[in-house]
Each structure stands twice: as structure tokens, then as C-alpha cells.
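Inspection log for the structure reproduced underneath, given as C-alpha cells.
No lab work stands behind these numbers, since they all come straight from the coordinates. Model, not experiment: these values are computed from the prediction. Quick reminder, even Gly has a Cβ in these numbers, built from the backbone with ideal geometry, and neighbours come from all protein chains shown.
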Amino acid sequence: MEEPTYLTCTCPTGYTGSRCERDLTCKGVLCDESQTCFQDECACRAGTVLVDGICLGDCSPSCNFDRERCLRSNTGEASCECRPGYRPLQGSSAKLNCVPIRRIFLITFIIYQFNGAPAIFANTYLNPESSQFQIGSSAIAYVLPRVLQARGVTGIVDASIGRFYQGSLGVEVMLSADDNFQGNGTTVTSAITEEGENNDEHLAVDGEDVQIGLRSLTVAEIMDYDECENATLNDCSMDASCRDISGVGFNCTCNGGFIDLYPSSLPGRYCRAVPGDSLNVGLIAGLTATVAFLLLFVLVMAYMIILRLRRRKYSHNIQRFMRNHSNTGYFSRSEEPDELQMTYRDGRSHSEFDHHEPSMPDPVHDIDTMNHGFENDMYDTVYDYDDDFVDDHTDEDHGQSNMDLSVVYNDIAHELHDRNYDE
């Protein structure tokens with residue numbers, strides 16, 4: 001089988017990116033393609049340093065910055081890997097040709113043989129690090145895309161093993177396709193079935209042979225693949241938000257207070273804090289809570305002070321009223337558990353009347369109600385007493401007493417009505 005021919009394109013001077021969309025000009029200076037323009041200066045991305053005008057890191061400049069990223073293994077070795085959303089194109093002559101993934105198909109089938117040896121389930125197939133898992137997955141990943149390409153299915157990028165399962169040996173395969181794929185799940189099913197029927201259920205390419213059970217073959221397209229659910233499925237910056245889009249794909253957006261170093265080619269992948277333009281979110285939250293607590297404390301204290309002043313004012317008015325009218329009579333208070341008794345005794349007539357009112361509420365709860373109730377009761381009391389006195393006593397002495405009580409009545413009315421404006 002002949003390998004397909006691949007062409008490469010080169011961006012004009014001053015531009016880079018998968019579609020030459022990134023302008024390298026920064027304030028009249030032409031930055032290196034490994035740099036970006038940040039605050040009118042050519043800047044290196046995080047993890048790289050400027051060396052002779054080029055931002056170098058463990059993998060620079062061998063990795064394709066727009067489609068690949070540099071990863072370090074447990075042994076400390078650095079290597080290039082396709083970014084999430086890209087997969088290496090199978091059969092490419094390039095060292096690593098990462099292409100964007102647009103569609104994904106889930107394929108399942110039963111395996112009878114690997115290169116002539118019976119495929120029998122064992123627990124070692126459950127371990128991705130085992131030799132059985134790696135041998136089986138490598139054979140399927142190599143054979144399946146090439147069989148589909150030979151059957152005229154375009155746009156197939158690669159195949160990766162999801163898992164092996166018992167039955168006797170079943171397998172789940174994730175088949176990736178790019179924008180060049182034409183068709184649906186039936187297209188994939190028909191191509192595999194035709195190849196198997198013509199070769200006794202064998203899928204064989206370049207010495208790799210996998211015999212499958214065609215009756216067990218199922219193909220289904222994954223319509224909603226959420227890459228934002230798992231951080232390993234996307235490469236958004238820690239200072240960016242990931243948003244899943246319909247089908248296959250995701251978008252990254254730098255958070256507030258951060259500037260996007262590559263808004264055109266790699267949006268939301270490299271976000272840098274804007275100096276002097278952002279505050280620590282935790283600090284803001286702490287300050288907000290502190291200010292709210294202080295404000296609440298001030299309001300409570302102000303309310304308590306107002307109540308205390310009103311209580312004092314009320315007490316002062318009552319005492320002043322008693323002092324001002326002690327020449328004509330006096331009030332006495334006798335407190336009982338359920339009521340407050342108010343008695344007015346005239347100094348000359350020695351007549352008296354008692355007025356009972358329900359026990360007065362605590363001024364802390366309702367100062368106005370108490371004051372107004374007391375004012376109305378005092379009006380009624382003096383008025384009733386004055387009428388009775390006039391009816392029963394008409395001589396001159398009693399008329400004089402009646403006049404004095406009228407004065408008391410007027411004083412009470414003005415005193416209680418205007419008490420809120422005395423101070």
C-alpha cells in the first residue's frame with residue numbers, strides 16, 4: 001500500500017499560526033514566532049526564557065507551538081505531544097503531524113486473534129501498562145485507520161483503545177476524524193464489514209493482523225464530548241475558563257484581570273496577570289465581609305443609642321411635668337405586677353381620681369406607643385375630672401379649683417404634645 005503524499009505550507013514573513021493568523025509585529029518590532037506581543041513588547045510564554053531573541057524551553061524549538069505542547073516524563077525527558085483537541089495523523093511522514101479532531105466514533109467488537117495467536121481475556125488486559133494491553137492496542141491502532149483509508153473513507157485521523165473487556169476479549173476503540181470526514185457511523189461500519197468479509201474477518205495491514213467477529217461490530221458517533229469535565233482533555237490555562245461546545249471541541253477564555261498572550265491562535269491557553277489592574281480575589285472577599293460586619297455593627301450601636309436617648313427624654317418629660325404642676329396637685333405611681341396605677345390628687349379639694357391603664361410596654365420595644373397612649377389617657381382623665389367637678393361644685397371656691405385644673409389640663413396638653421421638640 002502506497003503512502004499518501006502530504007504537502008506543507010509556509011507563512012509569509014511576519015505571520016505564523018496554523019492559518020498564518022498571528023501577526024508577529026509588535027510596536028514596529030518583528031517578534032520571533034515563539035514570542036508574543038505583551039504591553040508593546042515581545043514576551044516569552046510561561047516556562048520559556050529568551051535566548052538570542054528566541055524563547056527556549058525543554059522542547060523548543062522542535063515542537064509546533066500552535067498544535068503541540070512540551071511534556072516532561074517521569075524520567076525527566078521532554079517530548080512533544082499533540083494538544084487536546086488534536087491527534088497525530090496516522091501514516092504521516094512527518095515526525096508529529098497533529099490535526100484538529102472534529103468527530104469521534106465509538107467502535108466495539110470481539111477479537112479472535114492477534115497475529116495468529118488466540119485472543120483470550122486475562123486480567124492483564126485491564127492494565128494499560130501490561131505487555132498484553134500494549135501489544136493488542138498497538139495492533140488495533142495501526143490496522144483500523146489504514147483499513148478505513150484503503151476503503152476510501154477520508155478524514156480518519158487515528159484510533160485509540162478505550163478498554164479491553166471480557167467476552168472473550170472485547171475492545172472499545174475511539175476513532176477520531178477531522179473536517180475531511182464525509183459520512184456517518186454507517187460509513188465506518190460498511191467499510192470494516194467489507195474488509196472483513198473479503199478476508200475471512202481479518203483486518204491486516206503491513207504484517208499486523210487482527211481477526212474480529214463481524215457480528216459483534218457496533219459503531220456509534222459521540223455527539224457530545226465534554227472536554228471540560230476532565231482537565232486532561234483540555235489545555236486551558238489555570239487562569240482561564242473552559243466552555244464545552246456542541247459535538248467535539250471546547251473554548252478557553254482568560255479570566256478577568258488577565259491578558260491573553262495568544263488570543264488568535266491559542267486563546268485562553270496562556271494568561272498573564274495585568275500588573276496593577278487586578279486584586280487578589282480572596283483579599284477582595286475578605287475586605288467585603290469586614291466592611292459589611294463593621295457597617296452592621298455601627299447600625300446596631302446607632303439604634304441602641306437612639307433608643308437610650310428617647311428613653312431618657314421620656315423620663316425627663318415626665319419628671320419635669322410633675323415638678324411644674326406640684327403647686328396644684330401631685331401624681332403618685334404605684335407599680336403592681338400587672339398594671340401601673342396613676343393617681344392625681346388636688347391640693348385644695350383633696351378630691352382624687354384613679355386611672356388604670358394596661359401595664360406599660362418596655363420603652364425598648366415601643367416608646368412611641370407608650371408615649372401616645374399616656375398622652376391620650378391624660379387628656380381624657382383631666383377632661384372627665386373637670387366636667388364632674390363643674391357639675392358638682394358651682395360656688396366661688398370650687399370655681400377657683402376648676403380654673404386651676406383647666407390650667408393643669410392646658411399644661412399637660414402642650415407638655416406632652418411638644419415633648420419631642422424640646423431637645
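Residues are listed down the side, and each one gets a yes or a no for (1) under 28 Å from GLN182 (Cβ atoms); (2) touching a Phe, Trp or Tyr at 6+ places or on another chain (Cβ under 6 Å):
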site	(1), (2)
LEU96	yes, no
PHE105	yes, no
ASN115	no, no
LEU148	yes, no
ARG151	yes, no
GLY155	yes, yes
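Looking at the stretch 223-242 only, could you name the residues that are among the aliphatic types (A, V, I, L, M) and in contact with a Lys or Arg (Cβ under 8 Å, 6 or more places away or on another chain)? Quick ask: steps written out before the conclusion?
Residues of the stretch 223-242 among the aliphatic types (A, V, I, L, M): 223, 231, 233, 238, 240.
Answer for the stretch 223-242, where residues must be among the aliphatic types (A, V, I, L, M) and in contact with a Lys or Arg (Cβ under 8 Å, 6 or more places away or on another chain): just ALA240.
Go through the stretch 20-32 residue by residue and tally those that are surrounded by fewer than 18 Cβ atoms within 10 Å (Cβ to Cβ) and farther than 14 Å from PRO263 by Cα.
The initial filter retains those residues of the stretch 20-32 that are surrounded by fewer than 18 Cβ atoms within 10 Å (Cβ to Cβ), namely 20-21, 23, 25-30, 32.
Next, from what is left, pick out any that are farther than 14 Å from PRO263 by Cα: 25-30, 32.
Total meeting the criteria: 7.
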Note to self: Would you confirm whether or not the stretch 139-162 contains a residue that is of a type in the set (Gly, Ala, Ser), crowded, with 19+ Cβ neighbours inside 10 Å and touching a Pro at 6+ places or on another chain (Cβ under 9 Å)?
What the structure shows: yes
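Does VAL153 fit the bill of being more than 39 Å from the chain's Cα centre (by Cα) and either free of Cβ contacts under 8 Å to residues at least 24 places away in the same chain or closer than 30 Å to CYS80 by Cβ (or both)? Spell out the reasoning first.
On the way: more than 39 Å from the chain's Cα centre (by Cα): yes; either free of Cβ contacts under 8 Å to residues at least 24 places away in the same chain or closer than 30 Å to CYS80 by Cβ (or both): yes.
Answer is yes for this residue.
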